Amino acid sequence: MISKQTQHIDRRVRRSILVCDDESDLLLMFQIHLESQYNVLTVVSGRECIDKINEIKKKNEKIDLVLLDYKLGDISGENVARKIREIEKNIKILLITAFELEDHVVKNMIKNRYINDIINKPIQLEELSKKIEEHLD
């Protein structure tokens, strides 16, 4: 049996991932898939994502990686990524999209360090895990 103290320590040692997507079924899928290895937080809008990053920074805690949907209902994922970079320069951001983005758009976002990588929908969970591990190593 694992003590509550051990569970608390384990949650603090594990890396944290913030998932931002306005589709609740995808948020649940990501959470279920990732929560055995990471502390997973979920938000449903770009504004909520930015607020969560600010809140966590004020607590002197950190998010290691953000899975960020490109097309959100309130703010584009690209703009959210830019704002995240203003708050926290070292956070890893993986942009998730169902759209065929032009190569120059993706290259520009990576070159300007708004994002670290892109994952196309439909998402293969094995690919997602590999990308996350690659960027957290």
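Bear in mind that the values in this text are calculations on the coordinates, not laboratory data. Bear in mind the structure is a predicted one, so any value in this text is a computation, not a measurement. No Cβ is skipped: glycine too gets one built from the backbone with ideal geometry, and neighbour counts run over all protein chains shown.
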Fewest-first ranking of 40, 66, using other Cβ atoms within 10 Å as the exposure measure: 40, 66
Cα-Cα over 25 Å, subset of 59/130; 59/121; 62/121; 92/121; 52/131: 59/130; 59/121; 62/121
Sites residue 35 and residue 86, calculated FRET efficiency, Cβ-Cβ separation with R0 30 Å, nearest 0.05: 0.55
Debye intensity ratio I(q)/I(0), log10, the range 13-136, q values 0.09, 0.11, 0.15, 0.18 Å⁻¹ (C-alpha model): -0.21, -0.32, -0.61, -0.91
The range 13-136 - percent relative contact order, Cα under 8 Å, separation 6 or more: 22 percent
Residues residue 28 and residue 129, FRET efficiency given R0 of 22 Å [Cβ-Cβ distance, rounded to 0.05]: 0.85
For 123, 84, 63, order by how many other beta-carbon atoms lie within 10 Å, fewest first: 123, 63, 84
Residue 71-residue 58 pseudo-label distance in nm [points 7 Å out on the Cα-to-Cβ vector]: 3.4 nm
